[in-house]
1. Those residues that are in a loop (DSSP other than H, G, I, E, B) and either in contact with a helix residue (DSSP H, G or I) (Cβ under 6 Å, 6 or more places away or on another chain) or farther than 30 Å from residue 84 by Cα (or both), I need them from region 174-220; list them, please.
2. Among the residues of region 187-212, how many are surrounded by fewer than 20 Cβ atoms within 10 Å (Cβ to Cβ) and either touching a strand residue (DSSP E or B) at 6+ places or on another chain (Cβ under 8 Å) or closer than 13 Å to residue 67 by Cα (or both)?
3. Assuming residue 72 fulfils every condition listed in (1) over 24 Å from residue 197 (Cβ atoms); (2) within 23 Å of the chain's Cα centre (by Cα); (3) without any contact (Cβ under 8 Å) to a residue 60 or more places away in the chain apart from one, which condition is it?
4. With respect to residue 152, is the statement that it is in the same structural domain as residue 94 (by TED's automatic domain parsing) and at pLDDT below 95 true?
5. Which count do you get for residues in region 106-123 that are in a strand (DSSP E or B) and within 13 Å of residue 226 (Cα to Cα)?
6. Quick test for you: out of 111, 79, 94, pick the one residue that is touching a strand residue (DSSP E or B) at 6+ places or on another chain (Cβ under 7 Å) and in contact (Cβ under 8 Å) with a residue 60 or more places away in the chain.
């Protein structure tokens, strides 16, 4: 007597399907996830000389000297991890309003360069504040400047205005208004510094036109989006393709009657 049964698939096919699914899942897990914001809470409050660096969340932050610095300067702090809850620290330059813990202060016309172990990333968001060297009247004094390096070595740049001052005269932390075009850039490094308005539509902090140690700023709550390497996308595509092929073969086998 002949009867027709519908095969559910051989154990070998099922095993292959499971292996493919596991491989694809592993690839997804291997892709870098969006890192938690850099808050500097894990860094010890301290002054930072040019060439010194701190790290958090897989990102390195290298302190850069002012553009008019001639050679290494081992006597001037161009950065500092600041504890806003320490009243002694905040008497030096005045902590911005809105600081709730540690933040990074970039001082004396210096800058900070962000990298991620040679891998690519995108700028997400950050909080910033202007750090005046002394009490000044409310107003706009300069800009935060972004300079990014793409994977091909080309440079892209953007700026963000500083938030204003609070009612008590202290400068305030606020979210940086960064154009979406720059957020979409895939970078291998990002340098941030500040410039001062010259009153004629320009903004200066360079070797030719120094800011005389007044282009200072604070950063906090910095978020980056990690970008997978191109090879990761290729492997993930191959894994998904293999999974689809296995499913199609299983369906074809299931639709073919077997005679006993």
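1. Step one: list which residues in region 174-220 are in a loop (DSSP other than H, G, I, E, B), which gives 176-179, 184-186, 198-202, 205-216.
Across region 174-220, the qualifying residues are 184, 185, 186, 198, 199, 200, 201, 202, 207, 208, 209.
2. So in region 187-212, the residues surrounded by fewer than 20 Cβ atoms within 10 Å (Cβ to Cβ) come out as 188-189, 191, 197-204, 206-210, 212.
Filter once more, so that each one left must be either touching a strand residue (DSSP E or B) at 6+ places or on another chain (Cβ under 8 Å) or closer than 13 Å to residue 67 by Cα (or both): 188-189, 191, 197-198, 203-204, 206-210, 212.
Here the count works out to 13.
3. Result: residue 72 passes all but (2).
4. Numbers: in the same structural domain as residue 94 (by TED's automatic domain parsing): yes; at pLDDT below 95: no.
Taking the combined requirement at face value, the residue does not satisfy it.
5. Step one: of region 106-123, the residues in a strand (DSSP E or B) are 106, 111-115, 121-123.
Now drop any that are not within 13 Å of residue 226 (Cα to Cα), which leaves 114-115, 121-123.
Counting residues in region 106-123 that are in a strand (DSSP E or B) and within 13 Å of residue 226 (Cα to Cα) gives 5.
6. Values: 79 fails: in contact (Cβ under 8 Å) with a residue 60 or more places away in the chain; 94 fails: touching a strand residue (DSSP E or B) at 6+ places or on another chain (Cβ under 7 Å).
Result of the check over 111, 79, 94: 111.
The values are calculated or read from the model by the stated rules, or taken from the named source; none is laboratory data. Because the structure is a prediction, the values reported are computed rather than measured. Because the Cβ atoms are built from the backbone with ideal geometry, glycine has one as well, and the counts that use them run over all protein chains shown.
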